Structures are given as structure tokens and as C-alpha cells.
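The values are calculated or read from the model by the stated rules, or taken from the named source; none is laboratory data. Note that the structure is predicted; figures quoted are calculated from it, not measured. Using ideal geometry, Cβ is built from the backbone for each residue, glycine included, and neighbour counts are taken over all protein chains shown.
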């Protein structure tokens, strides 16, 4: 999981400087540790007002934003730990949370784990695979397998499921 952030300060930014450093959140064990490191990077300022100026994909899904308090960082570390404990990749969790309008946290990850059905190229492929898994179809049989309108079957099935970035989830 790529959880890099670029840390600068508002004072430097207002003076036209992007002087800062890339940090990987996953390299730190606590909110206090990463906050202390960010302050040390900007020890040339008396009381640096830290600014997250850039971040890698999905880092924002963990709750990282431009200006973070210690409590905000604690929530990020809780979410990061929950992702590490999950059997799902961050991309899958992010796809679920994006569709559900939720931030990544332990509760959302639990829901994503329960709802996740797999990754498929299309609704039709998903419907066909699910029908085979449920034993509704003998994929070795020519008929009626070749006569099924998988587009229609998928359309009906998707009332109970949703797709996000190629990942399929059951509506709970």
C-alpha cells in the first residue's frame, strides 16, 4: 500500500517555497511519531504550521488532508491498522468506501469485507460466474448455457449488487 505524503509548511508555501519532504505513513507506528518527524523536518521554523501538500493515491481515503491535528492523525493510524488487518487490498476498500460515501475506518472495512464479491470485467461476467458458483449452470453443457441473455441476467442481478472500479459488492 502506497501511503506517501509530502509535508511542507504554510509559511514556506506563502513565501513561494515548496521545501518539504516525502514521508511514508506506513513507516511510522503512531500519530505522535509522524507528527514529531514532520516538525523535525521543519526545525528551521520556530512553530511550523504543517501542510500536507501532496499525497499518493488512496492516502486521502485514509482521511489525510492538507491540515491535520494529532487527533486526525490518530484516526488515520487506526484506519491504516484496520486496512493492514484486512484481507482486502486498499484499492478494494477504497472502491467500496467511495461508492458508499464513507471514509476508510474499521467499520467500513468490515462492511467491505462482508460485501466483496470479486473483481470482474463486466456485469455479465459477474452474473455468469455467480450462476456457476451457485450451481445454477453446468458450464460443460452446451444448452441452455449458450442461450442465456447474460446482459439481461446481469441487469436483474445488479439490483442486489454494485460495481466500483471493477470490484463487485453485495448491497447490504
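For region 112-142, filtering for residues that are surrounded by 14 or more Cβ atoms within 10 Å (Cβ to Cβ), farther than 19 Å from residue 76 by Cβ and at pLDDT 85 or above leaves 16. Being outside the structural domain of residue 160 (by TED's automatic domain parsing), outside any loop (DSSP other than H, G, I, E, B), within 14 Å of the chain's Cα centre (by Cα) and closer than 30 Å to residue 160 by Cβ is a description that applies to residue 92.
Go through region 24-52 and give me each residue that's surrounded by fewer than 16 Cβ atoms within 10 Å (Cβ to Cβ) and not in a helix (DSSP H, G or I). Correct list: 24, 29, 30, 43, 44, 45, 46, 47, 49.
Just checking, does region 92-109 include any residue being in contact (Cβ under 8 Å) with a residue 60 or more places away in the chain, surrounded by fewer than 17 Cβ atoms within 10 Å (Cβ to Cβ) and closer than 29 Å to residue 24 by Cα? Yes, region 92-109 contains a residue that is in contact (Cβ under 8 Å) with a residue 60 or more places away in the chain, surrounded by fewer than 17 Cβ atoms within 10 Å (Cβ to Cβ) and closer than 29 Å to residue 24 by Cα.
Of everything in region 65-76 that is crowded, with 20+ Cβ neighbours inside 10 Å and in contact with a helix residue (DSSP H, G or I) (Cβ under 6 Å, 6 or more places away or on another chain), the residue that is nearest to residue 13 (Cα to Cα) is 73. Suppose the filter is within 11 Å of the chain's Cα centre (by Cα), over 30 Å from residue 19 (Cβ atoms) and modelled with pLDDT of 90 or more; does residue 108 pass it? For residue 108, the condition - within 11 Å of the chain's Cα centre (by Cα), over 30 Å from residue 19 (Cβ atoms) and modelled with pLDDT of 90 or more - is met.
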